[in-house]
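Heads up, the thing below is written out as structure tokens.
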Amino acid sequence: MTHTIQPNNPEATPAPDATDIPAAPAPAGAPSSSALPAALKRRIPKYSDLAPLMQFKKPEFSREARLKRASTIWELRDIAKRRTPQAPFDYTDGAAEEEITLRRARQAFLDIEFRPGILRNVSSIDLSTEILGKPSRLPVGIAPTGFTRMMQSEGEYAGSQAAEAAGIPYTLSTMGTASIEDVAAAAPNGRNWFQLYLWTDRDRSLELIERAAKAGNDTLMVTVDTAVAGARLRDVRNGMTIPPALTLKTVLDASYRPAWWFNFLTHEPLTFASLSRYTGTVADLINSMFDPTLTFEDLDWLRETWKGKLVVKGIQTVEDARRVVDHGADGVVLSNHGGRQLDRAPIPFHLVPEVKQAFIADNSNAAVMLDTGIMSGADIVAALALGADFTLIGRAYLYGLMAGGRAGVDRTLQILEKDMARTMALLGVSKVSDLTPDHVRLLQK
């Protein structure tokens, strides 16, 4: 039988005091508690220590706060996708056929290695440059995009005003949803360019050229990679029409994007830089406007007609770059139309060094510009280092527009500017003109 002795039993053996129990030996090499720094000794935290950690930030749901949280163009794209119906979003986001060209164009910017220089003074970064005889505060401009007010109701007005504020060129498309005159009035101090599709009806083309000149556009950009419309399968699947049709699918799509539909329905119906109204599919409109009979002789006519700077967009070979310059072009845009025309087309980024070297060999000072695939300021810096004189953004600008109107376009340009400045500083380069092919290497797969 076990007998339990109560603590108050005088016969009980007294329990040893805690101070009488020898401490377990410390691990070899461990400092004694008396040797520990005060900061490493455990203690009960004081309220004054916890208070600074318990200041919870009030949630912000405004457009400005939403845009400020976006640190990359990809994050603006995510916002744009949530706020825009599928058909206009896919029109912007998609490309032709299997979209191989677009994926390759974006991958090309990833398949590079920057080669930084050290111990350079990069306390001040100058991103300004000169393009086609005039200054630009940044080495990037806004490319021509069609149906822009369908993406977001502020459309070309937001784009042109943001470009004006940033000190960069803005290009209005023939298929833009604002007139040449209205864009000029919206951004009277901006550098406005006009993009032209040459029609079979030369009188209509001439009318647009004259309007562009009268409105103060100093550069005409003629697009030459659109003999016919590309097979943009997302648009086919979405039944994309101008204006958007209210089907059961679009009504359901609108149910959780009411702001887009409210803006669309309460603003002026879509009008075009070149057409008063149009109803039908995008492909039908494009095919009715594009002229499959264009030749270099038509470029000669355009050179004689237009007195300002002339740029040819859609160049995809070195030979064609040389030929258009021989026919009077002041510059070229290496572009495959954002992958929206011919799938498996050449990648503009890869063409830059060859075209630049060809122009040097020809003693030509024609400008080399680039679009397609640009999604960061680092992409722009890489293109400039390879030899491009200037870059243009289309989708990146439209993602910002869809994410937040004019403020979203401003945010796009802010992100790109910050990216460019940081990348150049880390490369050890303080101004655009100091970028060289030595700063970037194309990785071989």
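Each reported figure results from applying straightforward, stated rules to the coordinates on display, with no laboratory input. Since this is a predicted model, take the numbers as computed values, not measurements. A quick note on method: Cβ atoms are made from the backbone with ideal geometry, for glycine too, and the neighbour counts reach across all protein chains shown.
Below, the figures for the structure above:
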item: For Lys431, residues with placed amide H under 5 Å, excluding near neighbours; result: Asp126
item: Potential extension, Tyr47-Asp291 segment - 0.36 nm per residue separation minus Cα distance; result: 80.3 nm
item: Cα gyration tensor, the stretch 79-172 - rounded (a/c under 1.5), prolate or oblate; result: oblate
item: P(r), alpha carbons of the stretch 110-156 - 5 Å bins starting at zero, rounded %; result: 5, 13, 11, 12, 16, 19, 11, 6, 5, 2
item: Cα gyration tensor category, rounded, prolate or oblate, for the stretch 312-445 with a/c compared to 1.5; result: oblate
item: Flagged links, alpha-carbon separation over 29 Å, of Lys134/Lys418; Lys58/Lys249; Lys81/Lys431; Lys307/Lys356; Lys68/Lys134; result: Lys58/Lys249; Lys81/Lys431; Lys68/Lys134
item: Other-chain or far-sequence residues with amide H under 5 Å of Ile131's (modelled H); result: Ser136
item: Check: the stretch 303-418 dipole with +1 on Lys, Arg Cβ and -1 on Asp, Glu Cβ, in debye; result: 340 debye
item: Positive-end extreme of charge dipole, the stretch 40-85 - chosen from Thr84, Ala65, Tyr47 (charges on Cβ); result: Tyr47
item: Ranked packing of 426-438, 371-383, 406-418, most packed first, by mean Cβ within 10 Å; result: 371-383, 406-418, 426-438
item: Global geometry of the stretch 59-128, whether rounded, prolate or oblate, following the gyration tensor of its Cα atoms and the 1.5 cut on a/c; result: oblate
item: Segment Thr436-His327, length gained on full extension (0.36 nm per residue, minus Cα span); result: 36.4 nm
item: Dipole magnitude of the stretch 312-352 about its Cα centre (Cβ charges: Lys, Arg +1; Asp, Glu -1), debye to nearest 20; result: 140 debye
item: Peptides ranked, highest mean first, by Cβ atoms within 10 Å: ranges 205-214, 113-122, 345-354, 358-367; result: 345-354, 205-214, 358-367, 113-122
item: Potential lengthening between Trp301 and Arg63 on full extension [0.36 nm per residue; Cα-Cα distance subtracted]; result: 80.9 nm
item: The stretch 140-228 - charge dipole about Cα centre, Lys and Arg +1 at Cβ, Asp and Glu -1, debye rounded to 20; result: 60 debye
item: Per-residue HN-Hα couplings for the stretch 329-338 [Karplus 6.51, -1.76, 1.60; θ = phi - 60°; Hz; x = Gly/Pro]; result: 6, 8, x, 10, 10, 6, 7, 10, 6, x
